[in-house]
Each structure stands twice: as structure tokens, then as C-alpha cells.
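These notes concern the structure reproduced below.
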Amino acid sequence: MTVFDLLKDYLGSGRIRVDKAKLSGFRATYHDPCNYGRKSLELFGRAYYEEGRWVMDQCFDEWIDLYPNRGIQYCCGGGGGTLLTPYSAERTHYGRRKMEQIRRTGADLVVVPCHSCHGQLKAMINELGLEIQVKYLWEVVADALVLD
């Protein structure tokens with residue numbers, strides 16, 4: 001079971017509920033990680049493109065999809081944990097391209113389901129001095145969660 005399956009099950013069954021109003025102050029976008037998309041399709045025959053978007057739809061009244069997206073999404077440069085490798089120039093090259101893609105949306109929040117992407121995007125935002133937040137997909141669910 002993936003985090004996507006878990007969130008879809010819990011939200012879809014009503015086991016947990018979210019309130020979109022709790023996230024209404026954000027202009028959010030969603031990043032498709034290479035590992036959950038292209039690599040997952042190649043290795044396991046299944047890409048996870050729609051599941052994250054479905055969760056985003058549950059948490060936000062409106063959000064902006066990046067272009068290009070899904071199988072032709074720009075890599076953030078964080079794949080394989082490059083923050084911990086000596087490939088800083090390569091990581092920065094791809095990261096700048098990704099940040100420009102995010103900037104074009106006007107988003108102040110980028111949502112990701114991948115730890116490597118999360119770390120890379122935060123590093124690039126800090127490096128470039130941008131005013132953009134990065135949150136995990138399950139983190140925005142937690143932020144919008146309705147507690148009875």
C-alpha cells in the first residue's frame with residue numbers, strides 16, 4: 001500500500017475528513033516526483049499521477065497544476081538523494097529549472113509526496129531566497145483535517 005492508497009482510502013471512506021477552508025489562504029501547486037511517476041511505471045507498471053491530484057482536490061478548492069506535468073514533469077534534481085552527493089552543479093541545474101516552473105504558477109506552496117523532492121525543493125528555495133513553502137502531501141491533509 002502506498003501513501004496515495006492510504007490517503008484515498010481514508011478520505012474516500014470518510015474515515016478522516018478535511019475542511020478546504022483551512023487551506024484557503026494558499027495558492028498551491030503539485031509536483032509529480034520522478035520516482036512515483038516515470039520510475040514507478042518503468043519498474044512496476046504503474047505510475048502515480050492521478051492519486052496525488054485527487055488528494056489535492058479534497059484539500060483545496062483550487063490549485064494550479066504545473067506544466068508540463070505527469071510523465072513529462074520537470075525533475076526537481078533531487079532524485080536518488082542528490083543533496084547527499086557531490087553532484088551539486090547538476091542538482092542546482094535541474095533545481096533552477098524546476099523553480100522557474102513553479103514560479104510561473106504564482107504558487108506560494110508546492111506540495112510533494114516524495115522526501116527527496118521535498119528536501120531538494122526546500123534547498124533550492126533557500127538557495128534562491130524565494131518565498132515559497134514546501135509541504136508533503138500528507139502534511140496538507142493534516143493541515144486540513146477536521147478533528148471531532
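The values are calculated or read from the model by the stated rules, or taken from the named source; none is laboratory data. Quantities reported herein were computed from a predicted structural model and do not represent experimental measurements. Here Cβ is always computed from backbone atoms with ideal geometry, including for glycine, and neighbour counts include all displayed protein chains. Just so you know, the surface numbers come from the protein's heavy atoms only, side chains and all, with ligands and any DNA or RNA stripped out. Shrake-Rupley method; radii C 1.70, N 1.55, O 1.52, S 1.80 Å.
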Query raised in the report: Which whole-number percent gives the relative contact order of the range 22-99, counting Cα pairs below 8 Å spaced six or more residues apart?
Result: 30 percent
Query raised in the report: Tell me, what HN-Hα J-couplings in whole Hz come from the Karplus equation 6.51 cos²θ - 1.76 cosθ + 1.60 at θ = phi - 60° for each residue of the range 36-50, using x for Gly and Pro?
Result: 8, x, 4, 5, 5, 5, 5, 8, 10, x, 8, 9, 10, 10, 7
**Report entry** Normalised per residue, the volume of the convex hull around the Cα set of the chain (Å³)
**Finding:** 111 Å³
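With charges only on Cβ, +1 for K and R and -1 for D and E, what is the dipole size of the chain about its Cα centre, in debye, rounded to 20?
360 debye
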Requested in this report: Starting at the first residue of the range 128-138, write each ³J(HN,Hα) from the Karplus equation 6.51 cos²θ - 1.76 cosθ + 1.60 with θ = phi - 60°, in whole Hz, x for Gly and Pro.
Outcome: 8, x, 8, 9, 10, 8, 10, 9, 6, 4, 6
Requested in this report: For K39, tell me the accessible area in Å² from a 1.4 Å probe, rounded to the nearest 10.
Outcome: 80 Å²
Query raised in the report: Taking a probe of 1.4 Å, how large is the accessible area per residue of the chain, in Å²?
Result: 53 Å²
Query raised in the report: Accessible surface of W138 in the full protein assembly, 1.4 angstrom probe, to the nearest 10 Å²?
Result: 100 Å²
Query raised in the report: If amide H atoms are built 1.01 Å from N in the plane of the peptide, which residues on other chains or at least 5 residues away come under 5 Å of the amide H of V134?
Result: V110
Report task. Summarise the accessible area of the range 43-126 (1.4 Å probe, protein heavy atoms) by the percent that is carbon and sulfur. Result -> 54 percent
Report summary line: Karplus-derived 3J(HN,Hα) from phi for the range 99-104 (6.51 cos²θ - 1.76 cosθ + 1.60, θ = phi - 60°), whole Hz, x at Gly and Pro, runs 5, 5, 4, 5, 4, 4
Report task. Pairs to check: K8/K135; K20/K122; K8/K122. Give those whose C-alpha atoms are more than 22 Å from each other in this structure. Result -> K20/K122; K8/K122
